[in-house]
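*Asks:* First the structure, then my questions, so here it is.
The values are calculated or read from the model by the stated rules, or taken from the named source; none is laboratory data. Every value quoted in this text rests on a predicted model; they were computed, and no experiment measured them. Don't worry about glycine lacking a Cβ; one is built from the backbone with ideal geometry, like all the others, and counts go over all protein chains shown. In case anyone asks, the SASA skips ligands and DNA or RNA and just uses the protein heavy atoms, side chains included. Shrake-Rupley method; radii C 1.70, N 1.55, O 1.52, S 1.80 Å.
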Amino acid sequence: MKRRRESKIVVLASGNGSNFEAIVKHIKERKLPIKVMALVTDNPDAYAIRRARKLGIPVKILPFKSFKNRDEFNRRLLDTLRSLNPDLIVLAGFMKILPPQIVRTFFKKIVNIHPSLLPAFPGLHAIQKAYEYGVKVTGVTVHFVDEGVDTGPIIMQECVKIDENDTVESLEEKIHRVEHRIYIEAIKRVLSID
Ligand code: GRF
């Protein structure tokens with residue numbers, strides 16, 4: 001039987017990196033034909049870096065504050081991504097908005113996960129906003145990245161119910177559990193891996 005070529009992905013994260021870890025672990029456990037080329041981060045203090053080192057994934061740190069300005073950071077990010085030549089760029093809590101040039105260079109090759117049912121509650125603090133609004137159902141969205149903020153075509157969504165006795169913290173936990181399960185499913189779908 002012919003072995004399929006490994007798909008190459010790069011994960012971009014700025015913080016905790018729990019989604020990054022869930023993705024890498026799933027790939028390893030299931031021996032999926034996906035190679036995680038690198039974790040790229042703008043934050044030298046990101047906990048995701050420690051996770052990457054433990055998991056044996058190369059790390060590229062582009063410390064945002066050490067660049068003269070945003071354009072210079074964006075140029076370096078574009079160069080880094082080009083050199084890694086990924087089939088898919090996976091945003092997992094990356095706190096910088098990608099500039100149009102990167103979005104156009106990797107058209108339909110960048111995905112993001114957002115902790116609400118888009119188009120509801122785009123932007124920052126989506127879990128808290130949904131909780132405070134009092135919606136009874138929120139959820140998780142995986143979507144392609146376009147030039148807007150959390151506006152690209154939706155790939156997958158899953159609902160999360162908010163119960164009477166939920167707190168923001170318990171809701172956060174429920175949402176993360178769903179994220180860790182569905183992000184890799186969406187990635188597999190985009191890469192046509194079953
Ligand atoms: C997730 O809730 C994701 O939806 C949002 O940022 C958070 C990242 O969490 N985009 P983690 O760093 O993967 O733990």
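*Asks:* Quick one: which residue in Val178, Val103, Val111 is out of contact with any Leu (no Cβ under 7 Å at 6 or more places or on another chain), at pLDDT 95 or above, open to solvent by less than 30 Å² (accessible area, probe 1.4 Å) and within 12 Å of the ligand (Cβ to nearest atom)?
*Replies:* Val178
*Asks:* I'm trying to understand the selection: among the residues of the stretch 132-156, which are within 14 Å of Ser116 (Cβ to Cβ) and buried (at least 17 other Cβ atoms within 10 Å of the Cβ)?
*Replies:* Of everything in the stretch 132-156, those that are within 14 Å of Ser116 (Cβ to Cβ) and buried (at least 17 other Cβ atoms within 10 Å of the Cβ) turn out to be Thr138, Gly139, Val140, Thr141, Val142, His143, Asp150, Met156.
*Asks:* Another question, if that's okay. In this structure, does Ala22 turn out to be open to solvent by 10 Å² or more (accessible area, probe 1.4 Å), of a type in the set (A, V, I, L, M, F, W, C), touching a residue at least 12 places away in the same chain (Cβ under 8 Å) and under 27 Å from Arg177 (Cα atoms)?
*Replies:* The answer is yes for Ala22.
*Asks:* Anything in the stretch 157-181 that is among the acidic types (Asp, Glu) and more than 13 Å from Ser116 (Cβ to Cβ)? List them, or say none. First the steps, then the outcome.
*Replies:* Pass one, the stretch 157-181, residues among the acidic types (Asp, Glu): 158, 163-164, 166, 169, 172-173, 179.
Asp163, Glu164, Asp166, Glu169, Glu173 - these are the residues of the stretch 157-181 that are among the acidic types (Asp, Glu) and more than 13 Å from Ser116 (Cβ to Cβ).
*Asks:* Any residue in the stretch 118-137 that's on the phi > 0 side of the Ramachandran plot: show its pairings with residues that are open to solvent by less than 40 Å² (accessible area, probe 1.4 Å) at Cβ separation under 6 Å, as long as the two are six or more apart or on different chains.
*Replies:* The qualifying pairs are Phe121/Ala130.
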